[in-house]
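The values are calculated or read from the model by the stated rules, or taken from the named source; none is laboratory data. Remember, predicted model here, so these are calculated numbers, not experimental data. As a convention, Cβ positions derive from the backbone with ideal geometry for all residues, glycine included, and neighbour counts pool all protein chains shown. Heavy atoms of the whole protein, side chains included, go into the accessibility calculation; ligands, DNA and RNA do not. Shrake-Rupley method; radii C 1.70, N 1.55, O 1.52, S 1.80 Å.
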Amino acid sequence: MKQLFRRYLLLPFSFTGILLFGGGAGCAENPQQGKLQTAEQQTTGLSGPVFERPTSVVLQIGGAVKLLPVNLGNNALQDVLIVHRAHGLSLLGLVDEDKKQFKQKQRIETGRSVGLVALGDFNEDGQLDIVTGSKGQRWRGSTTGNLCGSEVNANNRLPLFLSNSGGGFTLKKPCLLMEQSFAWDDRSITGLVVADFNGDAHQDIALGRSGNYGANYLMLLLGTGDGNFEQALKLEQIRPEALFANDFNGDGHTDLMLVQNGKTHWLKGDGKGGLVDTGAIYKAPIAAIGDINSDGILDLVAIPAVNGDIEILSGDGKGGFSKSNTISTGIQNIYDPMIVDLDRDGEQDLLFRKSLPGAVYFLPGDGKGGFSAKLFRRWQTGTRLNAFTLADLNGDGSADLFTLGITPKGRNITGLRSVAGPKGEAVAVILLQKQR
């Protein structure tokens, strides 16, 4: 019997597939087959998603390193959590459905530079909470410094933000007490993932540190279900560059895929909070996990270089993986490839972004691990594109496209309509998917 993979990250919007990285057939910037389409050039004769004219919001703060969809109420609307490298977090969402008006709902002060964020219901109230990890940069623009600075052993604390009744987040006090210091001067958290590692149905946290100063390690914190955690495991001499949690061999226990020194390692879980490194299973770093070929078994996706190639590793359900496909995009330095059924035809599609010139690319999937190069499109964002995500921003059941970029003074951020702003401002460009 084929082992269906388990979803541990609580994504509040339900797609027919999960968000992951992936690839298939080839394409290029100037292909012989298929013409790249901007949002204004889409026609009803082409398959795939159709978006309304873009809406933009100037955030007047620095650029984002990550975007996460989050549902904080008892309705179908989703907001977007924006992770800013030097300015903490902010929550942006729809405030006027008739006017399609979006605005920043909450600014969340993290007290220092933050690069990694994970979501989970840590106190089991049915709402998503936030755990943050410092990437080690000196914080800038903060009014409070370290949020846990007034507590004993403040540099050994990790901020946790719990959802509140007002549709936002509140810092949990006291902050999580850690064995290792997370001070900005000598700590760098490079891996952060939420899953149930000991089978007690509570959300746990795995985090890894990789830096030039201090110890490198992988740490596992077991949740108690009330917003508190107990340190259960610490593996020394490990330099995690990325972490992915799931059951990779079908034994019912949560495992970890860990990227270290550009290679992928499988850490097998025992279901009791223990992990054993089985060694490197692939020579390239994986970018995400998911069922790419619709066989009910987890597959892996790797990005081996910056030449635009994306490799697919098919899983056998027992922890074995072999390369089955490569997509050669012909696009240098692509980022954040994502697989999801965006056009709602039952097949997984491929999306990814290019930073300069900013654009989101779409390739429709065939459900067999391949993607069509004939009907691919791009939605241009004009200048530097820092991040993108999908979220149901207006509650109509369709995935909308949310992008965030930085615009120079007087420049057009979207390439589709005039959005000018002072140099360095972050501008969110929102495309709502039309109902069909």
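The figures follow:
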read-out	value
Any hit, segment 254-270, residues being open to solvent by 10 Å² or more (accessible area, probe 1.4 Å), out of contact with any Gly (no Cβ under 9 Å at 6 or more places or on another chain) and hydrophobic (A, V, I, L, M, F, W, C)	no
Residues located in segment 247-296, provided they are in contact with a His (Cβ under 8 Å, 6 or more places away or on another chain) and on the phi > 0 side of the Ramachandran plot	271, 279
Scan of segment 205-228 for residues that are open to solvent by less than 60 Å² (accessible area, probe 1.4 Å) and either in contact (Cβ under 8 Å) with a residue 60 or more places away in the chain or more than 24 Å from the chain's Cα centre (by Cα) (or both), ordered by number	205, 207, 211, 214, 215, 223, 224, 225, 227
Which numbered condition residue 254 fails, given (1) of a type in the set (Ser, Thr, Tyr); (2) farther than 20 Å from residue 291 by Cα; (3) touching an Asp or Glu at 6+ places or on another chain (Cβ under 8 Å)	(2)
Strands (runs of 3 or more DSSP E) contained entirely in segment 97-197, each with at least 1 residues that are buried (at least 21 other Cβ atoms within 10 Å of the Cβ), polar (S, T, N, Q) and modelled with pLDDT of 90 or more	160-163
Residues that are of a type outside the set (Val, Ile, Thr), more than 13 Å from residue 319 (Cβ to Cβ) and in a strand (DSSP E or B), drawn from segment 241-276	242, 243, 244, 245, 258, 260, 263, 275
Residue that is of a type in the set (A, V, I, L, M), closer than 13 Å to residue 106 by Cβ and modelled with pLDDT of 80 or more, where the choices are 81, 94	81
Selection from segment 320-333 of residues that are surrounded by 20 or more Cβ atoms within 10 Å (Cβ to Cβ), under 22 Å from residue 362 (Cα atoms) and at pLDDT 80 or above	325, 327
Residues (open to solvent by less than 10 Å² (accessible area, probe 1.4 Å) and out of contact with any Leu (no Cβ under 8 Å at 6 or more places or on another chain)) located in segment 283-297	284
Segment 298-319, subset in contact with a strand residue (DSSP E or B) (Cβ under 7 Å, 6 or more places away or on another chain) and not aliphatic (A, V, I, L, M), residue most open to solvent (accessible area, probe 1.4 Å)	304
Members of segment 387-401 found to be at pLDDT 90 or above and assigned to a strand (DSSP E or B), listed by number	388, 389, 390, 391, 400, 401
Residues satisfying the stated conditions in segment 277-298, i.e. assigned to a strand (DSSP E or B), among the hydrophobic types (A, V, I, L, M, F, W, C) and over 21 Å from the mean Cα position of the chain (by Cα)	280, 281
